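The values are calculated or read from the model by the stated rules, or taken from the named source; none is laboratory data. Nothing here was measured: the structure is a model prediction, and the numbers come from that model. With ideal geometry, Cβ positions are generated from the backbone for all residues, glycine too; neighbour counts draw on all protein chains shown. Accessible surface areas use protein heavy atoms only, side chains included; no ligands, DNA or RNA. Shrake-Rupley method; radii C 1.70, N 1.55, O 1.52, S 1.80 Å.
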Amino acid sequence: MLRLSLDHLTVTDTTPVQLAQAAHAAGCAGTCLFLHPMAELPLMPPFDIVGDRAARAEVRAVMDDLGVVLDLAYPFSLGGRTDLAAFAPAMECAAGLGARLLNVLVYDRDAARRADTFGRFCDMAAQFGHRVAVEFYPQSQVPSLAAALELVGQVGRPGKVGVNVDLLHLMRSGGTIAELGAAREHVLYAQVADGPLLPPDDLDREASSERMLCGAGEFDVAGFLCALPPACPVSVEIPRDHAVGVVTREQRARMAVESVRRAVDNKS
């Protein structure tokens, strides 16, 4: 049976405790959690689990009670002026929550510095017991699967440092399912949503706020899932901000998760 995680973006209007509860109710084994709210996600409620250890302990207790694990921790973004030491509290928080992987987006325009900073980030993450996945994103400085593989190859830690492949980003970067299949040994994580083949004008809004339930768009969701390495964790990342306030978070989570399962069943 396909092992799914519920991504925080799918139910952006949740605290970490509510995310774990929604994941459990939707039948997900894990979550992908933002360790702190972001200004770019105005629907996310305020919370503090990095600085507030009591709040963090509550989240861990709820997760343990529900049998939900933290598959992926956000947000770690590397830019030209990034101070890696500033990530230590978040890495420590992620470790305390049992995170299995840290997700990294890279925006540094300087190629040499980009590779050096990423390598040092991976060194630092390893000190906390973390593996690292770089997420390619067309609007970042790692815009494609090929670019992500090149960066990961410079670090040279198979199984410890790899790629997070988001189906939406794969399609929007001009990538293919065949390209993914050829690179599967380097894939540590995957994120799934559907969408139209013709990209919208606002790619950032699509990615963060308005994706499509699987089966409602034109992506080859089942082919994408089949191209992943065996037992690769898959996150249901289907934000639909237009539905917030219209459909409960539990219903939105369940609809998103069930759409992924239907895509798999229809392929069988």
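Exactly one residue out of 136, 118, 87 is of a type in the set (Phe, Trp, Tyr), under 21 Å from the mean Cα position of the chain (by Cα) and closer than 20 Å to residue 36 by Cα, and it is 87. Residue-level check: of (1) surrounded by fewer than 16 Cβ atoms within 10 Å (Cβ to Cβ); (2) not in a helix (DSSP H, G or I), residue 120 misses just (2). Every listed requirement among (1) assigned to a loop (DSSP other than H, G, I, E, B); (2) of a type outside the set (D, E, K, R); (3) modelled with pLDDT of 95 or more is met by residue 126 save one, (1). Can you tell me which residues in the range 1-12 are surrounded by fewer than 21 Cβ atoms within 10 Å (Cβ to Cβ) and assigned to a helix (DSSP H, G or I)? Those that are surrounded by fewer than 21 Cβ atoms within 10 Å (Cβ to Cβ) and assigned to a helix (DSSP H, G or I): none in the range 1-12. A residue that is in contact with a Cys (Cβ under 9 Å, 6 or more places away or on another chain), modelled with pLDDT of 95 or more and open to solvent by 10 Å² or more (accessible area, probe 1.4 Å) cannot be found anywhere in the range 146-156. For the range 232-265, the tally of residues that are modelled with pLDDT under 95, within 22 Å of residue 165 (Cα to Cα) and out of contact with any Lys or Arg (no Cβ under 7 Å at 6 or more places or on another chain) stands at 6.
Answer with yes or no whether residue 61 is over 19 Å from residue 163 (Cα atoms) and either open to solvent by less than 50 Å² (accessible area, probe 1.4 Å) or not in a helix (DSSP H, G or I) (or both). The answer is no for residue 61. Of the residues making up the range 13-43, those that are closer than 16 Å to residue 247 by Cα, open to solvent by 10 Å² or more (accessible area, probe 1.4 Å) and assigned to a loop (DSSP other than H, G, I, E, B) number 3. Within the range 129-142, being hydrophobic (A, V, I, L, M, F, W, C) and either assigned to a loop (DSSP other than H, G, I, E, B) or open to solvent by 30 Å² or more (accessible area, probe 1.4 Å) (or both) holds for 136, 142. Test residue 106 against the criterion of being touching a Cys at 6+ places or on another chain (Cβ under 8 Å) and buried (at least 21 other Cβ atoms within 10 Å of the Cβ), and give yes or no. It is false that residue 106 is touching a Cys at 6+ places or on another chain (Cβ under 8 Å) and buried (at least 21 other Cβ atoms within 10 Å of the Cβ).
Could we say that residue 168 is surrounded by 17 or more Cβ atoms within 10 Å (Cβ to Cβ), under 19 Å from the mean Cα position of the chain (by Cα) and farther than 20 Å from residue 8 by Cα here? So residue 168 fails the test.
Counting just the residues of the range 64-87 that are part of a helix (DSSP H, G or I) and without any contact (Cβ under 8 Å) to a residue 40 or more places away in the chain, which one comes out most open to solvent (accessible area, probe 1.4 Å)? Applying the filter and picking the extreme gives 65.
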